[in-house]
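Student: My questions will all concern the structure given below.
The values are calculated or read from the model by the stated rules, or taken from the named source; none is laboratory data. Nothing here was measured: the structure is a model prediction, and the numbers come from that model. Virtual Cβ from ideal backbone geometry, glycine too; neighbours counted across all protein chains shown. In case anyone asks, the SASA skips ligands and DNA or RNA and just uses the protein heavy atoms, side chains included. Shrake-Rupley method; radii C 1.70, N 1.55, O 1.52, S 1.80 Å.
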Amino acid sequence: MTQFAEWLSQTSLSLAIQSHEWVIPTVQSVHIIAIAGVLGSVFMIMLRILVRAGRDQTLAQTTARFGPWLSWALCVLMVTGVVMIVGEPARQLLALSFWLKMGLVVIGTAVAVLFQRSLRRHEPHWESVLVNQSRVKGLAVVTFLVWVSVVVLGRLIAYDYVWGSWSTALKQ
Ligand code: HEM
C-alpha cells in the first residue's frame, strides 16, 4: 500500500492538487457539509421508526423525503473523499482509521439500500408490523451509531497514531 500511495502521489492529478493549496481545505469543507446530509437523514428516519417524530407521515413517506438526501450526500462524500485521497494518498491509505471508516461506510450503505428496497416491496407489513418491533427499533439506533462511528473515524484519520503499532500512518 505504501508503494501505491507513493505512486499515486507522483501522478499529475495528485501533483496538481498538491500545488494548489486551496483545493484540500475547500474539498474537506464540502465533505463536512455533506456529512450533515447523511447524519440528518438517517437521524430523521430513525426517529420515525422510534415514533419520536414525523407521526403525521408514514414510514414510506418519511423515507421518500429523506432517502434522496442520504443518497446525494453519499455521492458528494465519495467524490470529495476520492479527491482528498488522490491529493494526500499516504495520509489516507496508510491510516487504519481510514480503512475502518470505509468498512463502516460500506456496511451503513448496504443497510440503507436493503432497508429502502424491503420497504418498497413490503410497505404494508413495515407500516403495520415491523415498525412496532423492538428489534427493528434497535436496528435503527445501531444503524445511526454506525454513521456516528464513521464521523469519529473520519476525524481520527488526522490522529491515526492513536492506534499505536496498528497504524502504518506516516508520523507527522
Ligand atoms: C463515501 C466515501 C468516503 C470517502 C472516500 C471519505 C474519505 C475521507 C477522507 C480522505 C478524509 C480526509 C481525512 C483527513 O485528511 O484528515 C475524510 C475526512 C472525514 N470524513 Fe470522510 N469519506 C467518505 C465518507 C464519509 C462519510 C459517510 C462520513 C460521515 C457520515 C465522513 C466523515 C468524515 C469526517 C468527519 C472527516 C474529518 C473531516 C475533518 O477533520 O476535517 N466521510 N473522509
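Student: From the list Val136, Val86, Val79, which residue is farther than 27 Å from Trp166 by Cβ, assigned to a helix (DSSP H, G or I) and open to solvent by less than 40 Å² (accessible area, probe 1.4 Å)?
Tutor: Residue meeting the stated conditions: Val136.
Student: Mind telling me which of the residues Val86, Val76 ends up being in contact with a Leu (Cβ under 6 Å, 6 or more places away or on another chain) and modelled with pLDDT of 95 or more?
Tutor: Working: Val76 fails: in contact with a Leu (Cβ under 6 Å, 6 or more places away or on another chain).
Selected residue: Val86, the only one of Val86, Val76 that is in contact with a Leu (Cβ under 6 Å, 6 or more places away or on another chain) and modelled with pLDDT of 95 or more.
Student: How about the range 58-76: which of its residues are away from the ligand (no atom under 16 Å from the Cβ) and in a helix (DSSP H, G or I)?
Tutor: Start the filter on the range 58-76 by keeping residues that are away from the ligand (no atom under 16 Å from the Cβ), which leaves 58-65.
Across the range 58-76, the qualifying residues are Leu59, Ala60, Gln61, Thr62, Thr63, Ala64, Arg65.
Student: Answer with yes or no whether Gly164 is part of a helix (DSSP H, G or I) and modelled with pLDDT of 95 or more.
Tutor: no
Student: Turning to a different aspect of this structure: Condition first: out of contact with any Ser or Thr (no Cβ under 8 Å at 6 or more places or on another chain), of a type in the set (A, V, I, L, M) and in a helix (DSSP H, G or I). Now tell me which residues in the range 16-53 satisfy that.
Tutor: Ala16, Ile17, Val23, Ile24, Ile32, Ile33, Ile35, Ala36, Val38, Leu39, Leu47, Ile49
Student: Sort out which residues of the range 18-45 are among the β-branched types (Val, Ile, Thr) and within 12 Å of the ligand (Cβ to nearest atom), and write them in order of number.
Tutor: Step one: list which residues in the range 18-45 are among the β-branched types (Val, Ile, Thr), which gives 23-24, 26-27, 30, 32-33, 35, 38, 42, 45.
If the condition is that a residue be among the β-branched types (Val, Ile, Thr) and within 12 Å of the ligand (Cβ to nearest atom), then Ile24, Thr26, Val27, Val30, Ile32, Ile33, Ile35, Val38, Val42 are the ones that fit.
Student: Residues of the range 1-29 being surrounded by 14 or more Cβ atoms within 10 Å (Cβ to Cβ) and of a type outside the set (S, T, N, Q), which ones?
Tutor: Ala5, Leu8, Ile17, Val23, Ile24, Val27
Residues are listed down the side, and each one gets a yes or a no for (1) more than 22 Å from Leu130 (Cβ to Cβ); (2) among the acidic types (Asp, Glu); (3) in contact with a strand residue (DSSP E or B) (Cβ under 7 Å, 6 or more places away or on another chain):
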position: Ser14; (1), (2), (3): yes, no, no
position: Glu21; (1), (2), (3): yes, yes, no
position: Ile24; (1), (2), (3): yes, no, no
position: His31; (1), (2), (3): yes, no, no
position: Ile45; (1), (2), (3): no, no, no
position: Thr58; (1), (2), (3): no, no, no
position: Thr62; (1), (2), (3): no, no, no
position: Trp72; (1), (2), (3): yes, no, no
position: Cys75; (1), (2), (3): yes, no, no
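Student: Still on this structure: Scan the range 104-124 and tell me whether some residue there is open to solvent by less than 30 Å² (accessible area, probe 1.4 Å) and more than 13 Å from the ligand (Cβ to nearest atom).
Tutor: Checked against the condition, which is being open to solvent by less than 30 Å² (accessible area, probe 1.4 Å) and more than 13 Å from the ligand (Cβ to nearest atom), the range 104-124 yields at least one hit.
Student: How many residues does the range 45-82 hold that are out of contact with any Gly (no Cβ under 7 Å at 6 or more places or on another chain) and farther than 17 Å from Val113 by Cβ?
Tutor: Residues meeting the conditions: 16.
Student: A further question on this structure: Contact list please: Cβ distance under 7 Å, first residue in the range 150-164 and farther than 18 Å from His31 by Cα, second residue open to solvent by 30 Å² or more (accessible area, probe 1.4 Å) and more than 8 Å from the ligand (Cβ to nearest atom), pairs at least six apart or on different chains.
Tutor: Here the result reads Asp160/Leu96; Tyr161/Lys171; Val162/Leu156; Trp163/Leu96, each pair linking the range 150-164 to a residue that is open to solvent by 30 Å² or more (accessible area, probe 1.4 Å) and more than 8 Å from the ligand (Cβ to nearest atom).
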